[in-house]
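One structure is given below, encoded as structure tokens.
Just so it is clear, none of the values below were taken in a lab; they were calculated from the coordinates. Computed from a predicted structure; not experimentally measured.
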Amino acid sequence: MTKIQMTVNGKTVSGDAEGRTLLSQFLREELKLTGTHVGCDTSQCGACVVHVNGNAVKACTMFAQEAEDADVTTIEGMAEADGSLSTIQQAFQDHHGLQCGFCTPGMVMSAAALLSENPQPTEKEVREYLEGNLCRCTGYHNIVKAILAASGQDVSGIAAE
Ligand code: FES
Ligand code: FES
């Protein structure tokens, strides 16, 4: 075990990690930040997406030790300072972008990364960006709609599903 330190959701944290400990495992088991979900552990589902130094990363594809001194944001860090939902989270709620919620943390983190790179994406760009995030419930339609709404675009012409 090695003691590692990083900044998570704006706070400096430290914990023990073996060389083989994945970042997803470290966040969930060592830091108890269980909002980062693990659906596959094989880089398929995107439930574990977090931001590392501003980039969306599947936390199951990275060793915790590789995130030493990094700036990490998880879904727990996405709410506003007063605890209210962020614009993207609120849009998911308003547009029914979730059902069971298992994929939602990863979807929200991917959506946030997309909108920081491309503040007004087209529907096609949203769908392409979400290729690495699987949802077994929603059929994606309302997730895409929520992200377009969060980007400030008019989604009133897009039918609900
Ligand atoms: Fe990381 Fe599925 S748990 S991609
Ligand atoms: Fe259930 Fe996406 S809402 S997996």
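Quick look at the values:
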quantity	calculated
DSSP H segments from the chain that extend 15 Å or more along their own axis, Cα-based, with Kyte-Doolittle mean of 0.0 or above	104-117
Within a Gaussian network of the chain (alpha carbon springs, distance under 10 Å), most fluctuating of HIS141, HIS51, HIS37	HIS141
Residue with peak Gaussian network fluctuation, the chain [Cα springs, cutoff 10 Å], from THR12, THR61, THR34	THR12
Residue of ALA111, ALA67, ALA81 that the Gaussian network model of the chain assigns the largest fluctuation, springs spanning Cα pairs under 10 Å	ALA81
The chain: Lys pairs at Cα distance under 20 angstrom, eight or more positions apart or on different chains	5
The chain - convex hull of the alpha-carbon atoms, volume per residue in Å³	102
Hydrodynamic radius of the stretch 1-70 per Kirkwood, over alpha carbon pairs, in Å	11.8
Extension gain from ARG127 to GLN5, taking 0.36 nm per residue of separation minus the Cα-Cα distance	40.4 nm
Helical contribution to [θ] at 222 nm, DSSP H n ≥ 4, -39,500 (n - 2.57), averaged over the chain, rounded to 500	-7000 deg cm²/dmol
